[in-house]
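Participant: Have a look at this one.
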Amino acid sequence: MPPAGQTGGSEEICVISNELLSTLTADQAPKAVSEYEESGFTDDDVTTLRIDFQNILKIDNLISFKNLTKLQLDNNLIEAIEGLGHLTQLQWLDLSFNNIEKIEGLDTLVHLTDLSLHHNQIHKLEGMDKLTKLDVLSIGVNQLETLEGAPVLYLRQFKKLRSINMSGNAMCDDPNYEAYVVAFLPNLRYVDWRRISDETRTQAEIQYQNELSIVRIKEQDEEEAEKLLSEKEAKAQVYIDACVPNMYGSTLFEGTLDSEIPKLFPIPGIEEAVNAFKDIFNENVDAIGNGGLANAKVRREEREMFFQAMEAGLEENRAKGSVEVDNFIEKMNVLKMELGNEHLQGALMFDKLQHAKDDLHKLKYNLMEIEIGLVASIEESISLFDRSYAELVSKAVEEVQERTSKIREAEDSMFKQVSDIAVAFLDKQTKGEVTEGVEVTDDLLMLLRDKTTLTAVMVNAHDCHMMKMDEDEESVTSMVRNEYNGLMSKQADHESLRNRNRIAEICNFFDTNQDELEKHMDEV
């Protein structure tokens, strides 16, 4: 079979060059080249572009056409869907009559409603998960072999899909093709450009009612699992934002307990001792998490109060400076009108201009004084906020350290208890005493080879527990401290930038008006 997009056997392959794009955009513009080049019309203004019958092998060089909503690339030699990721406004895309083998590169085209991949080499329906607005899909004359292999069920996720054309694929030869598509894609209105009748839909649903029930149950299970995962991720993010990641539930304990310890559970008393430690561990972890959420709320409220107070102070400062600036501008406007009065020329006008210049110097001095006062006020506010926020951070850190200390104490107690029980059991085994009711597994036998092996395993587990608890404590306390350090650093940088910009603004206002006054003085 010849390549789907071949437009002429001897024609040479082309690229999407700047020259080609200029020619096409000019030809397709409403008023041709003059308007395109002379009215400030740029690639950003192009919303529709047709690049068809050009023997294009690769999609490229469209980076400047970011506002395209409609793009035609049909009847070329394109082998892969690429170079379109930045065209996030696309609603209509035609890639028909090319040599594309795989649907890909469309994840960012979330506004796409109409997609044509007709007459390509595509074997599978895939790569369109993000196209939730898809309304029309044309994928006829490709390599879709079977209804299950395509698979058509992939299209069930597109709730807005109303029209699909798959004619010309091998799977369409299946006598159940239409009924299958209609039954499993209930939102469709058209199949292969033919409207679906109510009778056809009813018959299809009856024919596949058992299969539909299974699919629906599976989808419900998947939706429920996705919902639970989403809720789990949302909860995890809440704790991360509060600087207490994973500080809830039993997940942290499961990640802390050394894998060798459960191998000792057949020995009476050990599992009970570990479970007692688990309860204390989880209780303190929950306390760290709940305390972290509460402390984060207090810190957030403290930040909001500070930012509101800062904004109020800045607004008051702006208003104070604006009054003086407005008064000066009003005087300048009156002065400019007087410059045209022939009775107010010569020495009299020169004196007025000199007086205005003096007022300008006073204004600059006053604005600088206001800014200096504001800087001092802001520095004091930041200092007070720094002390207050540092206390909140210290409180949060101390609470974490206190709870972690309790976990360490419980681990020490558990370690000693489990070690004593395990060693006593080993002594009985060594003496040949009967240990009824104990299922000695292969894993347990490996640990009970001798007292040295058992002791080494216990000590290593203890060390691993302590190391993991140290890491978790450091992770939480570092997050809280980093939040504080980052906040204060950002605030200092913000204030420094604000001050520099304000000084530059004042100086620019002064220089501009002084130049204008001196110009008028020279003319007078």
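The values are calculated or read from the model by the stated rules, or taken from the named source; none is laboratory data. The model shown is predicted, which means the values in this text are computed figures rather than measured ones. Heads up, the Cβs are rebuilt from the backbone with ideal geometry, glycines too, and the neighbour counts pull from every protein chain shown.
Participant: When region 185-212 is examined, which residues are found to be in contact with a Leu (Cβ under 6 Å, 6 or more places away or on another chain) and assigned to a helix (DSSP H, G or I)?
Facilitator: Within region 185-212, none qualify.
Participant: Please find, among L348, L374, L360, L353, the residue that is touching a Phe, Trp or Tyr at 6+ places or on another chain (Cβ under 7 Å), under 30 Å from I506 (Cα atoms) and not assigned by TED's automatic domain parsing to the domain that holds V459.
Facilitator: L360
Participant: I want to confirm something. Restricting to region 70-115 and keeping residues that are farther than 19 Å from K58 by Cβ and polar (S, T, N, Q), which single residue is surrounded by the fewest Cβ atoms within 10 Å (Cβ to Cβ)?
Facilitator: Top of the filtered list is T88.
Participant: Here are some residues: A376, A309, A319. Which one is of a type in the set (G, A, S) and exposed (fewer than 10 other Cβ atoms within 10 Å of the Cβ)? Lay out the reasoning, then the answer.
Facilitator: Working: A376 fails: exposed (fewer than 10 other Cβ atoms within 10 Å of the Cβ); A309 fails: exposed (fewer than 10 other Cβ atoms within 10 Å of the Cβ).
The unique qualifying residue is A319.
Participant: Do you know which residues across region 444-466 are over 22 Å from F253 (Cα atoms) and acidic (D, E)?
Facilitator: Correct list: D450 only.
Participant: Which of the residues spanning region 220-251 are in contact with a Lys or Arg (Cβ under 9 Å, 6 or more places away or on another chain) and farther than 25 Å from R300 by Cα?
Facilitator: Selection gives S250 alone.
Participant: When you scan region 434-443, do you find a residue that is at pLDDT below 90 and part of a helix (DSSP H, G or I), even just one?
Facilitator: Yes: region 434-443 contains one or more residues that are at pLDDT below 90 and part of a helix (DSSP H, G or I).
Participant: Sticking with this one: Is it true that some residue in region 209-219 is surrounded by 11 or more Cβ atoms within 10 Å (Cβ to Cβ) and either touching a strand residue (DSSP E or B) at 6+ places or on another chain (Cβ under 6 Å) or under 19 Å from E474 (Cα atoms) (or both)?
Facilitator: Among the residues of region 209-219, not one is surrounded by 11 or more Cβ atoms within 10 Å (Cβ to Cβ) and either touching a strand residue (DSSP E or B) at 6+ places or on another chain (Cβ under 6 Å) or under 19 Å from E474 (Cα atoms) (or both), which makes the answer no.
Participant: A further question on this structure: Checking the condition in the same structural domain as A273 (by TED's automatic domain parsing), surrounded by 15 or more Cβ atoms within 10 Å (Cβ to Cβ), of a type in the set (G, A, S) and touching an Asp or Glu at 6+ places or on another chain (Cβ under 6 Å), which residue from A461, A422 passes?
Facilitator: One residue alone meets the criteria, A461.
Participant: Here's another thing I want to ask about it. Quick one: which of S413, S381 is of a type outside the set (A, V, I, L, M, F, W, C) and not assigned by TED's automatic domain parsing to the domain that holds E505?
Facilitator: After applying the criteria, what remains is S381.
Participant: Can you confirm whether region 128-136 contains a residue that is assigned to a strand (DSSP E or B), in contact with a Leu (Cβ under 9 Å, 6 or more places away or on another chain) and in contact (Cβ under 8 Å) with a residue 40 or more places away in the chain?
Facilitator: Among the residues of region 128-136, not one is assigned to a strand (DSSP E or B), in contact with a Leu (Cβ under 9 Å, 6 or more places away or on another chain) and in contact (Cβ under 8 Å) with a residue 40 or more places away in the chain, which makes the answer no.
Participant: If you don't mind, there's one more thing I want to ask. When you go through N275, N290, N282, N327 one by one, which is the residue that is under 30 Å from D386 (Cβ atoms), in a helix (DSSP H, G or I) and without any contact (Cβ under 8 Å) to a residue 60 or more places away in the chain? Give the steps one after another, and end with the answer.
Facilitator: Numbers: N275 fails: under 30 Å from D386 (Cβ atoms); N282 fails: under 30 Å from D386 (Cβ atoms); N327 fails: under 30 Å from D386 (Cβ atoms).
One residue alone meets the criteria, N290.
Participant: In this structure, is F509 in contact (Cβ under 8 Å) with a residue 60 or more places away in the chain, more than 35 Å from the chain's Cα centre (by Cα) and farther than 30 Å from D351 by Cα?
Facilitator: So F509 fails the test.
Participant: Given the criterion small (G, A, S), within 26 Å of the chain's Cα centre (by Cα) and either buried (at least 17 other Cβ atoms within 10 Å of the Cβ) or assigned by TED's automatic domain parsing to the domain that holds L90 (or both), identify the matching residue among G149, G140, G127, G168.
Facilitator: G127
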